[in-house]
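Beneath this line is the structure, given in structure tokens, with notes to follow.
The values are calculated or read from the model by the stated rules, or taken from the named source; none is laboratory data. Nothing here was measured: the structure is a model prediction, and the numbers come from that model. Here Cβ is always computed from backbone atoms with ideal geometry, including for glycine, and neighbour counts include all displayed protein chains. In case anyone asks, the SASA skips ligands and DNA or RNA and just uses the protein heavy atoms, side chains included. Shrake-Rupley method; radii C 1.70, N 1.55, O 1.52, S 1.80 Å.
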Amino acid sequence: MAESARLLVVEDDRNLATGLKLNFELEGYTVDLVHSIRDAGAHLLESGKYAALILDVMLPDGDDGGFVLCRKLRDAGDFTPVLMLTARDRTADRVRGLEAGADDYLVKPFELDELLARVRSLLRRRDWEQQQNGESSERLRVGEVEIDFAARVATRGDEEIKLTALEYDLLRYFADNPGRVLSRQELQEKVWKLDNYPNSRMVDNFILRLRKQLEPDPKEPRYFVAVRGAGYKFVPGS
């Protein structure tokens, strides 16, 4: 997988960008490196060209350029896995990145081993997703929302609901385990493909995102229910 995977790194810190490119290439990836939103857009014109996008939030042609670029990609139907890099450590910024459609979010300064592990996780999940797409045409109904896993389409009446690839993966795992309490660790291992990863906050953030998109009242969830001290369970048809 890593030997043939092509990555796009968008980072305006030239020293950091060069170091990332070198280390990714040592891992066997093919890497394109750009330093601005404009240059990134030119590289992303060809859909499906990249296995993953490593995207800095703050870029010279837009302080929040990473958020903007990620949302534009998602709105255009491009669900290339995105890992955001940022010096911002506020919860609100993390949530904003996830809501823009990012699949993961890593705060600077970070350990190289963690970055490489997260990229491997994104690519494993991409491969798993492609296998699932080829094996199933199942549908799921969550209240008024109809989800077609094969087509990766979610609709409420005539309205299409925008979901990221990771959100579909998470929904699929819930749908395959209705009524069962799923721990954050299990969700990280089965959906994110991260073993023994200590930070479970990203699971909570994605559950909040699903509630916002699918629940009639996200503050009083009916379908994605928290079980204190244990995790979450999906309650269909409630």
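A few remarks follow.
- For segment 6-129, the spread of Cα coordinates along the three principal axes comes to 32, 30, 26 Å, biggest extent given first.
- For segment 6-129, with +1 on Lys and Arg beta carbons and -1 on Asp and Glu, the positive-most of 26, 112, 83 along the dipole: 83
- When +1 charges are put on Lys and Arg Cβ atoms and -1 charges on Asp and Glu Cβ atoms, the dipole computed for segment 51-115 relative to its Cα centre reaches about 220 debye.
- Bridge type composition, the chain - antiparallel percent by DSSP, nearest 5: 50 percent
- Accessible carbon and sulfur surface of the chain relative to its total accessible area, %, 1.4 Å: 46 percent
- Once the GluC sites (Glu not before Pro) in DSSP loops with at most 16 neighbouring Cβ atoms within 10 Å are cut out of the chain, the longest remaining piece is 145-238.
- In degrees, nearest ten, helix 201-214 long axis to first principal axis of the chain (Cα): 60 degrees
- Angle in degrees between helix 112-135 and the longest Cα principal axis of the chain, rounded to the nearest 10: 50 degrees
- Mean residue ellipticity, 222 nm, helices only, the chain: the sum of -39500 (n - 2.57) across DSSP H runs of n ≥ 4, divided by residue count and rounded to 500, is -12000 deg cm²/dmol.
- Computed from Cα atoms, the angle from the helix 65-75 axis to the main principal axis of the chain rounds to 50 degrees.
- Correct choice for mean projected area of the Cα convex hull in nm² that was computed from the model, options (1) 15.1; (2) 14.1; (3) 12.8: (3)
- Extreme residue, positive dipole direction of the chain, given options 225, 97, 142 (C-beta unit charges): 225
- Computed over the chain: relative contact order in percent, which uses C-alpha pairs under 8 Å that are six or more apart: 13 percent
- Excluding ligands, DNA and RNA, the accessible surface per residue across the chain is 48 Å² with a 1.4 Å probe.
- Total charge dipole magnitude, the chain, about the Cα centre, Cβ charges on Lys, Arg, Asp, Glu only, Debye to nearest 20: 680 debye
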